[in-house]
Structure formats: C-alpha cells, structure tokens
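Written out below as structure tokens is the structure these notes cover.
Rule-based calculations on the coordinates, nothing more; no lab input. Not measured: the values here are computed from a predicted model. Note that we place each Cβ from the backbone using ideal geometry, even for glycine, and neighbour counts take in every protein chain shown.
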Amino acid sequence: MKKSLVVFLTLSILTVSVVTVFAEGEASAIVIANPNVSQDSVKSADLAKLFLGKNQAWSDGQKMVPVTLESGSAHDSFLKMYLKKSASQFSTFWKQAIFTGQGIPPKSFKSEAELVDYVKKVAGAIGYISSETPHEGVKVLKVE
Amino acid sequence: MKKKLALWVWVLGFLSFISATATADSELVIHGLVSQGFMSTSDNNFLSKSESGSFDFNETIVNLQKQIDEKLRLGVQLMSRTLGEEGTRFYVDWGYGDYRLNDTTGIRLGRVKVPFGLYNKYRDIDLLRTSVFLPTTVYMEDYRQFIGSFDGGSVYGSLPMKKGTLDFEFVFGGASAEEDSMVAKDWFNQFSAGYEGFLNANTPALPAGVTLGKAAGLGREVDAKNSLSAQLLFNNLVEGLRFGATRTVFGVDMNETYLYQPTFNPVTNALAIPGFTTLMSSESRYKSIDVGSVEYTRDRFTFAAELMAAHGQTDTTFNSSLGGAPVFFTNTHTVEGKYAMVDYRHSDKISWCVYRGEYFADRSNKNWQNWQKDTCLSLRYNVSADWSIKIENHWIDGVGLVQRNINHGALERDWNLLAIKATYNF
C-alpha cells in the first residue's frame, strides 16, 4: 500500500515538474463569408450554435457551411469571444462528438490563406481569420 | 460464430456503402486513437493479473464518418481492446445511420451506444476525461458489454426550453453480448458453482471422498433479449448545470453444456458413476437499472455525482443427462452504486480529479466481500493536442467488483490499484 502510494506521488510530482504553461497573446478575429451570401451580419448566438454542430441556414435558405482554423491567435480569439471556449475545450467538445458518433466537426485549415480561398469558392461558407490577413473576394460580416 | 460472421458482413457492407456514396463535397472523415495502459494492484487481481503488474490494457479505435446529405450521416467505430484475462477483442463499438427529422429530433438505426448515466457513451474514450477509469462503482465492468451498445435503433433530440434544453434519447434493441467475454465467463462460473455444491451434496451414488467437478464446457451461447434504455437530461437551466435520469431494462439468456466427471479418491481409487453432461439454462432479467445524474461545470471546476440501482433476477435450470427432476435456482438482488467527483482543469495541459465511490453487489447483504469503496486521485498531462498521459491511484476497501475467476487464493479487504495510461489520437 505504502509502496504504490510513494510511486504514485513521485510520478505525479515528476509529471507536474516538467510542465511549463505558456501565456499566449490573442489577436482579434473577423468573420468572413462567401461573397454570394446576402446577409451583412450574423448573430453571436447563431455562430455558437453553428460551430458547435447545429445546422443553420442563411436568411435566403442557403445552408451555412462553417470552416475553422486548426490553431493560432485568431482561432483562440474567435472561440473565446463567440463560443466561450478555449481551443482545448473546443477540441474536446468535437472529439466527444466524433467518438460517440454524434457529429462531424467543421472542415479545418492549417493556414488562414487556405481558409480564405475555400470560403471564396464554396457557396454558404463561413469562417474567421485575423483582421490583418488579406481577404479580397470574401464578405466580412458584422457580428451582432 | 454466426453472430460474429454476420457482424463483419454487416461492417463490410456498411463500409462499401460509405465509399460508394463518395462525392466531392461529402468527404469520408477518419479519426482514431491508440492507447496503452499499465495497472498494478497491491493485492487481488483486478480485470487482469494485476498483482504482478499488467500491460494487457490497451485500445485501438478507428472511426469513419460521412455526411451523405444535409440529413443523413453514416458512421462506424471499429475497436480493438485488450483487457487482462479477456484477451484481445475486435468489435464494432457503434455503427449506424443517423437521420435528422428536423432541427430538434433525429433517429439512428444500427448498433447504437446506450445512454447509461452521463458518461457511458464514451467510457472507452479515455482521452475525454481526466481519470483512467470512470468510477467503476457506477460504470461497472461486469455490465460493460450488456449496456455498452444495443443492436437496434434510437430516437433522440434536444427540445429548447425557456432556459436551456431538455435532451432525450430512447434506445431499443438487444445487447451485443459475446460468449467468450470475461463477464460472460464470470457469470457462467458463478451460476454453475451453486449447482456443483448441490450435486456433491445430493448424489447418493458418490462414494466417500469422491467429488464431481466440471471436466469441460461443451458449448456456450449468450443471447440478448429485447432491451430498452431511456434518458432525460436537463441542460443549462442554470448555466453549466445538467441533470437527469436514465432507466435501462435488459435481459440475457445464457446456456452452457458441461461435462461432469467424478474426481477420484486417491486412496480408494473408486469410481461409482460414469461422467455425465448437464445443460445449464439461465435467464437474467434486469427490470430496471436506474441512474440519477448531476453535473455542474463552473470555470475550471466540474462537479459530478451519480446514483445507480439495478434490480435483477436470475433463474437458472440444470438438466442432467442422468435424468431426474431439473435443479432450479433463483436469485433476486438489488445492486447499488454511487460516486461523487471533482475535476479541476489547471490549464490546457494539466488537470486532476478526485472521486469517491461506493458499490454494493447486493443491497440486502452488506459486507466487504460484496462491497467496494473506492477513493481515486488522478492526474492528467497533455503532452500536446494529440498526446496525453495519465496516472491515478485507487485506495479500495472491499472486493465487490473483483472477478472471482481470476483470483484463486484468499481475497484481501484493503488494497490499492495504480493505473497509468498514454493515449494518442488523430
């Protein structure tokens, strides 16, 4: 009993001692959509539902196609601002959905340029990038 | 064997359909995970030969899903699991077509996960929680196969309320039980033990010093009866709070034919009767397994508590080839389990959790042989978004959840379980 307690505590302390928590800066994110989308704005609550797997449609009935970034400050900022989740919580939410068969996460991109290119081409697409990233050919939506 | 063949034919058909319906804008999404664990106990073998330390504790999962159109999604999760004496099993964890009727309701057909309590649906996916083991005092390993998933279907949904939602799910079908699982073997052993006692006490032809024992099992079948599970969960009446209840009803028929032969008295070397066979037919019926659940998440803390009560009856009949009246045993019992847990996410890298659980194999017969009281402390470290390492220790009083068929000596009342697990997911 004592032996396993000592092993457990020693390994726990070793694990904790090698951990460093990095503070990450955050940049503001803008929400972009395919240029054929007729709306100029989107509700914050609808964004949360959409990116957490609830089917949503644009006002003209067209299906909304959400896309995400895999990581980065715009990703962290968007999730925190509109979904009230950290990147880790968002990832855990979708892993839970995947492995219990309850849903498929939105398509994700490594770079903001790839995401912009996809949103430009795909009808109904909606995503987010940092405000500094070039975004010609897509529509910037106001979030209410 | 027939069941396994039918299952793999179904899986191949399912995968063929998924690939045949490939279109440019509906991709096949593939995910998976690989985990390797280690468990060690100070006394008593638990799930494995854990007294000497066991690495027979791993899972591999491949998950395939595809959105066919706006309403229909197909998916299957294939799993390989090694757990101690059970060995390695390959099986379909779940696989179904999911059709959304509208924004709030959908149906699923195929092999569907059972919504038992808050966490049963992802009990195999340890990357989704801090601890290695869910509290076994409610999420009992003995019932895992019977309430993991049903072959049938479900109706599910989420109804918006003034505040939050009311989530519901009704699952119907038969449990995906297998003859060679550790649980089935343990149950068969328990059922036949009483019969052997009866035989040795009531067979007049037995000379002194000669006993009857099982020489071989000649065939075994496990057939699940129609089962049902229903869950109602209130979500976010207060932000971060969810609570509700689940009722599961299931039954299983288990049949095994044994060859019994006398064990000779080494002194007299006498043989009074020839060997004979006995067919054991057992029907276990759980008219209700109820779970009440509550979970509250605030900032970095999650608090959870669940209470489970299972009312079961097992009727077992033994028909011997020697003739005579069948021997009949019946057993009714109420299993009770509960736990309370606190989980703290220190950062995206580190979380810890502590829980205390209590289990009683028979509520009317409380002693340490029948109870298991477990205090667990777990620590999880996420090496990266894909890698996690966990370590936990359990301080345990009682052996109510210890498998008797892998413990041949005397059991110890106070014992420890140390579990370590590394998981990679993609």
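Close amide H pairs (under 5 Å, H built 1.01 Å from N) link A:Q56 with A:M64, residues at least 5 positions away or on another chain. A DSSP coil position with no more than 15 other Cβ atoms inside 10 Å describes the following chymotrypsin sites (Phe, Trp or Tyr not before Pro) in the stretch B:352-425: B:W368.
Between helix B:182-202 and chain B there is an angle of about 20 degrees, using the helix long axis and the longest principal axis of the Cα atoms. With the helix formula -39500 (n - 2.57) applied to DSSP H stretches of n ≥ 4, chain B reaches a computed 222 nm mean residue ellipticity of -3500 deg cm²/dmol.
With charges only on Cβ, +1 for K and R and -1 for D and E, what is the dipole size of chain B about its Cα centre, in debye, rounded to 20? Could the numbers behind the result be given before it?
On the way: 41 positive and 47 negative charges, 102 e Å.
Charge dipole of chain B: 480 debye, to the nearest 20.
Farthest toward the positive end of the dipole of the stretch A:26-143, out of A:N34, A:G124, A:A74, is the Cα of A:G124, where the dipole comes from beta carbon charges about the Cα centre.
Test of understanding: ordering B:T41, B:T277 by Cβ neighbours within 10 Å, fewest first, what list do you get? Could you put the intermediate results ahead of the total?
On the way: B:T41 25, B:T277 16.
Exposure proxy ranking, most exposed first: B:T277, B:T41.
Across the stretch B:244-249, rounded Karplus estimates of 3J(HN,Hα) from the backbone phi angles (6.51 cos²θ - 1.76 cosθ + 1.60, θ = phi - 60°) give x, 9, 10, 10, 10, 10 Hz, Gly and Pro being marked x. Between the Cα long axis of helix B:2-20 and the first principal axis of chain B there is an angle of about 20°, rounded to the nearest 10. The magnitude of the dipole of the stretch A:26-143, with charges of +1 and -1 set on the Cβ of Lys/Arg and Asp/Glu and taken from the Cα centre, is near 460 debye. Could you tell me which of rounded, prolate or oblate describes the stretch A:26-143, using a ≥ b ≥ c as the square roots of the eigenvalues of the alpha-carbon gyration tensor, with rounded for a/c under 1.5 and, failing that, prolate when a/b is larger than b/c and oblate otherwise? Oblate, because a/c is 1.5 or more while a/b does not exceed b/c.
In this simple spin-label model, placing a label point 7 Å from the Cα along the Cα-to-Cβ direction at both A:D40 and B:T375 gives a separation of 6.4 nm.
Between A:S28 and A:K121, the contour length at 0.36 nm per residue exceeds the Cα-Cα span by 31.1 nm. Counting other Cβ atoms within 10 Å as a rough exposure proxy, the listed residues B:R108, B:R144 run B:R144, B:R108 from fewest neighbours to most.
Within the stretch B:91-171, none of the chymotrypsin sites (Phe, Trp or Tyr not before Pro) combine a DSSP coil assignment with at most 11 other C-beta atoms in a 10 angstrom radius. Straight-line reach from B:K66: taking Cα to Cα under 25 Å and skipping same-chain neighbours fewer than 8 places apart, the lysines in range are A:K49, A:K54, A:K63, A:K95, A:K107, A:K110, A:K120, A:K121, B:K4, B:K113, B:K121.
Exposure proxy check: B:C353, B:C376 ranked by fewest other beta carbons within 10 Å? Display every interim value, and only then the final one.
Numbers: B:C353 21, B:C376 25.
If I rank by nearby Cβ atoms, fewest first, I get B:C353, B:C376.
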